[in-house]
1. Can you find a residue that is surrounded by 14 or more Cβ atoms within 10 Å (Cβ to Cβ), outside any strand (DSSP E or B) and modelled with pLDDT of 90 or more anywhere in region 13-31?
2. Within region 32-44, which residues are crowded, with 21+ Cβ neighbours inside 10 Å, part of a loop (DSSP other than H, G, I, E, B) and touching a residue at least 40 places away in the same chain (Cβ under 8 Å)?
3. Within region 71-84, track down each residue that is touching a Leu at 6+ places or on another chain (Cβ under 9 Å) and either on the phi > 0 side of the Ramachandran plot or without any contact (Cβ under 8 Å) to a residue 12 or more places away in the chain (or both).
4. Can you list residue pairs whose Cβ atoms sit under 6 Å apart, with the first residue in region 85-98 being under 16 Å from residue 19 (Cβ atoms) and the second being of a type in the set (D, E, K, R) and part of a strand (DSSP E or B)? Count only pairs 6 or more apart in sequence or on different chains.
5. From the list 68, 79, 47, 57, pick out the single residue that is of a type outside the set (Phe, Trp, Tyr), buried (at least 17 other Cβ atoms within 10 Å of the Cβ) and farther than 20 Å from residue 1 by Cα.
6. Report every pair of residues separated by at least 6 positions or lying on different chains whose Cβ atoms are under 6 Å apart, first residue within region 47-66 and in contact (Cβ under 8 Å) with a residue 24 or more places away in the chain, second in a strand (DSSP E or B) and among the small types (Gly, Ala, Ser).
7. Scan region 48-71 and tell me whether some residue there is among the polar types (S, T, N, Q) and over 13 Å from the mean Cα position of the chain (by Cα).
Amino acid sequence: MCAVADVPAGEVRAVEVPGVTWPVLVTRLGDDIIATAGVCPHEDVALAEGTLRGGALTCPGHGYVFDLRTGACAHDADLCLRRYRVTVVGDDVLVDLL
């Protein structure tokens, strides 16, 4: 997906993946690198321009807040931000998109 050094702490980075409609978001929370879908499950708004505070990402479209560690939505228990499994090998961040 990218290099570990490309994932700064406290920021969201959008990574374009061939064959995937929306970018995948990667961020670092403490020692963890987290990857999520780059689109809000509420209204298909791109999340790359959202606001990240702690582990919570706020959608720039309608203000829905998602916990990046769990994917849970603070405003609607039926919504969940898709998360992907991340593996770090050396300096590379690998993301399982299945």
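The values are calculated or read from the model by the stated rules, or taken from the named source; none is laboratory data. Since the structure is predicted, the reported quantities are computational estimates derived from the model, not experimental observations. A quick note on method: Cβ atoms are made from the backbone with ideal geometry, for glycine too, and the neighbour counts reach across all protein chains shown.
1. Looking through region 13-31, none of the residues is surrounded by 14 or more Cβ atoms within 10 Å (Cβ to Cβ), outside any strand (DSSP E or B) and modelled with pLDDT of 90 or more.
2. 40
3. Kept after step one, since they are touching a Leu at 6+ places or on another chain (Cβ under 9 Å), are these residues of region 71-84: 71-73, 81, 83-84.
71, 72, listed by residue number.
4. Taking only residues 6 or more apart or on different chains, the pairs are 96/85.
5. Values: 68 fails: farther than 20 Å from residue 1 by Cα; 79 fails: buried (at least 17 other Cβ atoms within 10 Å of the Cβ); 47 fails: farther than 20 Å from residue 1 by Cα.
The conditions single out 57.
6. Here the result reads 48/14, each pair linking region 47-66 to a residue that is in a strand (DSSP E or B) and among the small types (Gly, Ala, Ser).
7. First, pick out the residues of region 48-71 that are among the polar types (S, T, N, Q): 51, 58, 70.
Filter once more, keeping what is over 13 Å from the mean Cα position of the chain (by Cα): none.
Scanning region 48-71, I find no residue that is among the polar types (S, T, N, Q) and over 13 Å from the mean Cα position of the chain (by Cα), so the answer is no.
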